[in-house]
Amino acid sequence: MKRGGILNGALSGALARLGHTDQVLICDSGMPIPAGAEVVDLAFTLGVPGFAEVLDGILAELVVEGAVAAEEVVGGNPECHALLDDRLPALTYVPHEELKLLAHAVKLVVRTGEATPYANVVLRCGVAF
């Protein structure tokens, strides 16, 4: 048994298979899921698990060299914007419709139970050496 970290077997394995420049979408429960990507659906009920706890768990295990969020998060979800701004110094913003298009290039989608607007981010994997 693992000592800690991400205990969900599907998510832990999917993260371990990622390589440099692969992209991961962490999204709220309402984000359209692009066809073709591996999906780990953690959503249980509205709000569970939340975006913040899933983001923090994934950031503890991944090297991230860049991230993209919807510019609408700034005014539409200030709490999520503050979280993203705090956790991801290399964060850039695009219109929400463009973020949905960018999602078609991700290798992994992690769906949370988050039920607030614009709680979505695409992470670009870095390398640990």
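The values are calculated or read from the model by the stated rules, or taken from the named source; none is laboratory data. Since the structure is predicted, the reported quantities are computational estimates derived from the model, not experimental observations. Cβ placement follows ideal geometry from the backbone for every residue including glycine, while neighbour counts extend to all protein chains displayed.
Values for this structure:
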read-out: Unmet criterion (only one of (1) under 22 Å from Gly47 (Cβ atoms); (2) at pLDDT below 95) for Glu114; value: (2)
read-out: Matching entry among Val74, Val127 (being among the hydrophobic types (A, V, I, L, M, F, W, C), farther than 22 Å from Asn8 by Cβ and surrounded by fewer than 16 Cβ atoms within 10 Å (Cβ to Cβ)); value: Val127
read-out: Answer from Ala82, Ala43 - the residue that is modelled with pLDDT of 95 or more and either closer than 19 Å to Leu108 by Cα or of a type in the set (D, E, K, R) (or both); value: Ala43
read-out: Test: residue in region 14-25 that is in contact with a strand residue (DSSP E or B) (Cβ under 8 Å, 6 or more places away or on another chain), assigned to a loop (DSSP other than H, G, I, E, B) and among the polar types (S, T, N, Q); value: yes
read-out: Candidates Glu114, Glu53, filtered to the one that is crowded, with 17+ Cβ neighbours inside 10 Å, of a type in the set (Asp, Glu), closer than 23 Å to Ala14 by Cβ and under 13 Å from the mean Cα position of the chain (by Cα); value: Glu114
read-out: Condition check for Asp41: touching a Ser or Thr at 6+ places or on another chain (Cβ under 7 Å), of a type in the set (D, E, K, R) and on the phi < 0 side of the Ramachandran plot; value: no
read-out: The listed residue being over 28 Å from Leu7 (Cβ atoms) and more than 14 Å from the chain's Cα centre (by Cα), out of Gly47, Gly76, Gly36; value: Gly76
read-out: Subset of region 88-101 (residues that are surrounded by fewer than 17 Cβ atoms within 10 Å (Cβ to Cβ), among the hydrophobic types (A, V, I, L, M, F, W, C) and touching a residue at least 24 places away in the same chain (Cβ under 8 Å)); value: Ala90, Val94
read-out: Any hit, region 90-97, residues being within 18 Å of Thr116 (Cβ to Cβ) and within 12 Å of the chain's Cα centre (by Cα); value: no
